[in-house]
1. Any residue at all in the range 97-112 that is surrounded by 14 or more Cβ atoms within 10 Å (Cβ to Cβ), of a type outside the set (D, E, K, R) and in contact with a Cys (Cβ under 8 Å, 6 or more places away or on another chain)?
2. Do you know which of the residues in the range 25-51 that are without any contact (Cβ under 8 Å) to a residue 60 or more places away in the chain, in a loop (DSSP other than H, G, I, E, B) and more than 15 Å from the chain's Cα centre (by Cα) is farthest from H68 (Cα to Cα)?
3. Looking at L111, L32, L98, L80, which one is under 17 Å from I129 (Cα atoms) and touching a helix residue (DSSP H, G or I) at 6+ places or on another chain (Cβ under 8 Å)?
4. Of all residues in the range 34-51, how many are among the aliphatic types (A, V, I, L, M) and either within 16 Å of C141 (Cα to Cα) or modelled with pLDDT under 95 (or both)?
5. I'd like the full set of residues that are surrounded by 15 or more Cβ atoms within 10 Å (Cβ to Cβ), of a type outside the set (K, R) and out of contact with any Phe, Trp or Tyr (no Cβ under 9 Å at 6 or more places or on another chain), limited to the range 38-51.
6. Can you spot a residue in the range 2-14 that is buried (at least 17 other Cβ atoms within 10 Å of the Cβ), touching a Pro at 6+ places or on another chain (Cβ under 6 Å) and of a type outside the set (D, E, K, R)?
7. Quick one: is L54 crowded, with 18+ Cβ neighbours inside 10 Å, in a loop (DSSP other than H, G, I, E, B) and of a type outside the set (V, I, T)?
8. Where the second residue is at pLDDT below 95 and surrounded by fewer than 18 Cβ atoms within 10 Å (Cβ to Cβ) and the first is part of a strand (DSSP E or B) and lies in the range 1-24, which pairs have Cβ atoms under 6 Å and are six or more apart or on separate chains?
Amino acid sequence: MIPVLRMVTIGVYGFDGESFLQRLRHADAHLLLDVRQRRGVRGPEYAWANSRRLQVALAQARIAYEHHPELAPTTELRQLQYAEDHRQGVGKRSRRELAAEYTRRYTTEILDRADLTPIVSALPSSGTIALLCVERDPEACHRSLIAQRLTEQHRVTIEHLRPL
């Protein structure tokens with residue numbers, strides 16, 4: 001019988017540090033893959049998600065951490081999304097979906113060039129790997145595009161973790 005390869009995705013917005021770690025523990029996460037270009041989050045309520053603090057908290061929770069900047073959108077792509085957010089009158093924290101042009105360009109410029117096989121090979125037989133970015137809703141974040149690719153090409157089962 002072929003084992004089921006399982007991953008989760010999670011954002012920062014909507015969580016505090018403790019609830020974030022609780023969701024990861026409940027999902028049996030053993031490794032967190034940070035797919036942010038910049039690993040800081042503005043606002044004192046999200047200081048826990050800045051890279052150094054997050055890595056300390058994860059280590060204390062016995063969850064390994066890896067940064068995968070090759071999967072992060074470029075500054076130019078982020079600016080393209082911000083322009084569309086502005087056009088629609090939504091902010092990064094209230095966005096519900098990605099712009100079509102952002103999705104197209106992220107897919108061709110980043111995802112089509114990325115080798116996801118090492119990530120799939122690292123999936124444990126028990127426990128899960130979590131993909132981390134900032135947005136609360138995966139539909140508003142590039143992590144959903146990575147997750148979709150993993151599902152389509154590597155038959156990875158994905159669960160999107162959201163704040164309760």
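1. Within the range 97-112 (the criterion being surrounded by 14 or more Cβ atoms within 10 Å (Cβ to Cβ), of a type outside the set (D, E, K, R) and in contact with a Cys (Cβ under 8 Å, 6 or more places away or on another chain)), the answer is yes, since at least one residue qualifies.
2. Restricting to residues being without any contact (Cβ under 8 Å) to a residue 60 or more places away in the chain, in a loop (DSSP other than H, G, I, E, B) and more than 15 Å from the chain's Cα centre (by Cα), the top hit is G43.
3. Criteria check complete, one pass: L32.
4. 2
5. N50
6. yes
7. It is false that L54 is crowded, with 18+ Cβ neighbours inside 10 Å, in a loop (DSSP other than H, G, I, E, B) and of a type outside the set (V, I, T).
8. Note: pairs meeting the criteria are R6/T157.
The values are calculated or read from the model by the stated rules, or taken from the named source; none is laboratory data. On a predicted model such as this, the values are computed, not experimentally measured, just so you know. Because the Cβ atoms are built from the backbone with ideal geometry, glycine has one as well, and the counts that use them run over all protein chains shown.
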